[in-house]
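Structure, as structure tokens:
The values are calculated or read from the model by the stated rules, or taken from the named source; none is laboratory data. These numbers were taken from a predicted model, which means no experiment stands behind them. Cβ placement follows ideal geometry from the backbone for every residue including glycine, while neighbour counts extend to all protein chains displayed.
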Amino acid sequence: MKKALIIGSGLGGLSTALRLAKKGYKVTILEKHSTPGGRMNVIEMNGYKFDMGPSFMSMTYELDELFGSIGKKVPVTLEELDPLYQVFFEGKDKPRKIYKDLKKLEDEFADLEPNLAEKVDQYLTRAGQFFHDTEDKVVKSNFNNKLEYVLKLSRVPLKHLPYLFKTMWGEVDKTFKSEEVKIIFSLVAFFLGATPFNTPAIYSLLNYTEMRHNGYWKVRGGMYKLVEEIMKILNEFGVEVHYNTEIVSIGNNNGRLYQVVDQNGKTWEADIFISNSDAASFRGQILGRKNYSEDKLDKMHWTLAPFTVYLGVKGKMDRLMHHNYFLGSNFKGYADTIFTSSISPQKPYYYVNVLSKSDPETAPDGCENLFILCPVPDLRYKKDWSDKEELAQNIIDDLSARVGYDISSNIEVKKILAPDDWAKTLNLYKGSGLGLAHDIDQVGAFRPKNKDEVFNNLYYVGASTTPGTGLPMVIISSRLVTERIEVDHASAV
Ligand SMILES: Cc1cc2nc3c(=O)[nH]c(=O)nc-3n(C[C@H](O)[C@H](O)[C@H](O)COP(=O)(O)OP(=O)(O)OC[C@H]3O[C@@H](n4cnc5c(N)ncnc54)[C@H](O)[C@@H]3O)c2cc1C
């Protein structure tokens, strides 16, 4: 039986473990943190439960594929969000609700954007054609080299070419009249950890996935249930997991990796190694590759860092739904400076998730659990986060005023994670929340490959390798890397 060793237990690592164990590999997972799940983790404090990172997913059919491939049904209950979310604009009392149903959406924006349903329909039809023309050919494919990638791209119909030369903002600006509607349709750029002003228009396909194709889904009881269920299956498959075990160096022999070494000097041997640690920084920091030196890593484009606040609050906040966005009045100015500022945002834009709205058992009776996420500059630009309490209070005060509820006096539990905490806890490079960004020169064959350049038994899975970041993408990544391993190593025995 061949031994496969997976470094990291994010969703990418866990999905790969499921697939390889089912194929007969003897799988071991080594995880730096004390719990599995990576960014998809959980925080529990005095009867309050919070999803630490992801709060929804799209393209849920990737879960069907993953569990189908190991002969199981999806082990959690998925619930579609309707409305998808609501957006609070500064200075406007009424939040705007975003519906998949275009008639309802048009009614919601009747005072701002005439004929919205027709405009959205055309916008989504265009984005949908691009999505379906690239999903299988490009997103769900392995490439052996750049030429192969370019050849695959050349099979994408030419009518999509203008998408490559426009920004997402350019696309929404062309389609809609109202500033609010433009902003709402461009918010998905932040899911890529970027801004609509530097994100190519191709990613309007995310609007299509959220609003027409599959929608937004949450897991009943919280996203972490998915990790808990996967752990049960891995246990049934005999997969070993070792926590508090960080790989810090390797041992190699004639082009073949034969062991990795943890922080205590213990060595771990295997036939095949899969790194779920960041595919770019692992190459630089653990393998010492010159192309991924700190200097070179710093010059790459990384997604925004998360500043997150977890609050258990006494009382119910009726103005909040499951997903809520709070925006200021200077969208372009904010987006332009957010990446590179060395000070905390003074008027932050942020997202609030309230799990207790749909899963009341995740907070004590009559209370709410608030997860606040504010995109901020990573540690390359702002190293010192000793002002984190101040920034959190700034957000809490703003939120209190906008929902008309005195949050500060009702806080029962509070935890803040600044970019330096995210970096330390999960080895996220300089605290970047979603890994490498998705500029045209950092996707497909230009993204760090899922197979190592030197060792023919070392592979990568997760957000910074192909195809990219987000829960459905890292599940696809696990399928792509498993296919590579199968081609290279024929069988598990
Ligand atoms: C705040 C936040 C909110 C998000 N919200 C959403 C959302 O709503 N929907 C969505 O689809 N996506 C969301 N994402 C993105 C999503 O969480 C990620 O794309 C995905 O979880 C990445 O999974 P992964 O397997 O690549 O890596 P990770 O989850 O980062 O897992 C990697 C694991 O490897 C471990 N590790 C690293 N280095 C080592 C080492 N040297 N030795 C041992 N172990 C190591 C880490 O501790 C970690 O557990 C969010 C991300 C963040 C940060």
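From ASN46, ASN41, grab the single residue that is of a type in the set (S, T, N, Q), more than 7 Å from the ligand (Cβ to nearest atom), over 24 Å from the mean Cα position of the chain (by Cα) and modelled with pLDDT of 95 or more.
Residue meeting the stated conditions: ASN46.
So which strands (runs of 3 or more DSSP E) stay within segment 14-89 end to end and still have 1 or more residues that are out of contact with any helix residue (DSSP H, G or I) (no Cβ under 8 Å at 6 or more places or on another chain), touching a residue at least 12 places away in the same chain (Cβ under 8 Å) and of a type in the set (S, T, N, Q)?
26-30, 85-89
Quick check on this structure: which one of GLY468, GLY462, GLY433 is under 23 Å from GLU31 (Cα atoms), outside the structural domain of ALA270 (by TED's automatic domain parsing), in contact (Cβ under 8 Å) with a residue 24 or more places away in the chain and in a loop (DSSP other than H, G, I, E, B)?
Criteria check complete, one pass: GLY433.
Looking at LYS218, LYS266, which one is within 16 Å of the ligand (Cβ to nearest atom) and free of Cβ contacts under 8 Å to residues at least 24 places away in the same chain?
Result: LYS266 is the single residue among LYS218, LYS266 that is within 16 Å of the ligand (Cβ to nearest atom) and free of Cβ contacts under 8 Å to residues at least 24 places away in the same chain.
Are any residues in segment 235-254 more than 16 Å from the ligand (Cβ to nearest atom) and either under 21 Å from LYS424 (Cα atoms) or aromatic (Phe, Trp, Tyr) (or both), and if so, which ones?
Once the filter is applied, which keeps residues that are more than 16 Å from the ligand (Cβ to nearest atom) and either under 21 Å from LYS424 (Cα atoms) or aromatic (Phe, Trp, Tyr) (or both), segment 235-254 yields only PHE237.
Do the conditions hold for SER277, that is, is it within 16 Å of the ligand (Cβ to nearest atom), within 24 Å of PRO467 (Cβ to Cβ), touching a Gly at 6+ places or on another chain (Cβ under 7 Å) and not assigned by TED's automatic domain parsing to the domain that holds ALA189?
yes
Having 2 or more residues that are assigned by TED's automatic domain parsing to the domain that holds ARG126 and of a type in the set (D, E, K, R) is the bar; report the helices (runs of 4 or more DSSP H) wholly within segment 146-218 that clear it.
146-154, 168-175, 179-186
Considering segment 90-119 alone, what residues qualify as being in a helix (DSSP H, G or I) and within 28 Å of VAL219 (Cα to Cα)?
If the condition is that a residue be in a helix (DSSP H, G or I) and within 28 Å of VAL219 (Cα to Cα), then LEU102, LYS103, LYS104, LEU105, GLU108 are the ones that fit.
Quick check on segment 111-136: of everything there that is touching a helix residue (DSSP H, G or I) at 6+ places or on another chain (Cβ under 7 Å), under 13 Å from LEU205 (Cβ atoms) and not hydroxyl-bearing (Ser, Thr, Tyr), which residue is surrounded by the fewest Cβ atoms within 10 Å (Cβ to Cβ)?
For segment 111-136, the residue satisfying everything is ASP133.
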